[in-house]
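All remarks here apply to the structure that follows.
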Amino acid sequence: LALCPSTPNCVGTADEFNDTLHYIPAWTYNDEEKIARGGAAKTTSEAMQELVDVTLTTDCDGFTPTIVERTDDYLRLEYKSKIFGFVDDVEFWFPKDVGNSKSRVDYRSASRLGQSDGDANRKRIKTLRLALSKYGWKS
């Protein structure tokens, strides 16, 4: 995924962890403790379906989500504001075997226009992560 521009209207996992304006930690969708106790690990396909379901049903400050692209390991949505019609781009990527984590999800949420977004992108990502936590997702 691309790095965020210098403007504050973008957050993502690709930025350096010391870039507190843009960086947010990646998510994981498998509970390693549960797996260690004998629980089954989710497949990428199962995790992708959870992500799709949550992104399409979770209210993120009144923005309407539309899936633009979906592959086995990538999801891109457009979130459109109801009032002004602004569009934000949100991407999720399931990298293959990153380090010791086979259940990592990277993401990026960015406004197309302007300089500031009133933290809309950061709030959206937090809202989605909280909704995914009921499926065992963590950051």
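In the chain, the DSSP-assigned H stretches of four residues or longer account for a calculated mean residue ellipticity at 222 nm of -7000 deg cm²/dmol, using -39500 (n - 2.57) per stretch and the full residue count as denominator. Note on Lys82: lysines with a C-alpha under 30 Å away, same-chain residues under 8 apart excluded, are Lys123, Lys126, Lys134, Lys138.
Between the Cα long axis of helix 120-132 and the first principal axis of the chain there is an angle of about 20°, rounded to the nearest 10. Extension gain for Lys138 to Ser45 (0.36 nm times residue separation, less C-alpha to C-alpha distance): 31.7 nm.
Its alpha carbons give the chain an Rg and a Dmax of 14.9, 49 Å.
Reducing region 5-21 and region 49-79 to their Cα centroids gives an inter-centroid distance of 21 Å. Within the chain, Cys60 have no other Cys Cβ under 4.7 Å of their Cβ and so lack a disulfide-compatible partner by this rule.
In debye, nearest 20: dipole of the chain around its Cα centre with unit charges on the Cβ of K, R (+) and D, E (-)?
Numbers: 19 positive and 22 negative charges, 59 e Å.
The calculation lands at about 280 debye.
When only C-alpha pairs under 8 Å and at least 6 residues apart count, what is the relative contact order of region 10-135, in percent? Mind showing how you got there, number by number?
Details: 195 pairs, mean separation 33.7, N = 126.
Relative contact order of region 10-135: 27 percent.
Relative contact order for region 42-106: 22 percent, from Cα pairs under 8 Å spaced at least 6 residues apart, divided by residue count. Compared with the dominant Cα axis of the chain, that is its longest principal axis, helix 44-57 is turned about 40°. A Förster radius of 22 Å, combined with the Cβ-Cβ distance separating Asp19 from Asp119, puts the computed FRET efficiency at roughly 0.90.
Every number here is computed from the coordinates shown, using simple stated rules; none is lab data. Here the structure is a predicted model, which means the values were calculated and not measured. Positions of Cβ are backbone-derived with ideal geometry, glycine not excepted, and every protein chain shown enters the neighbour counts.
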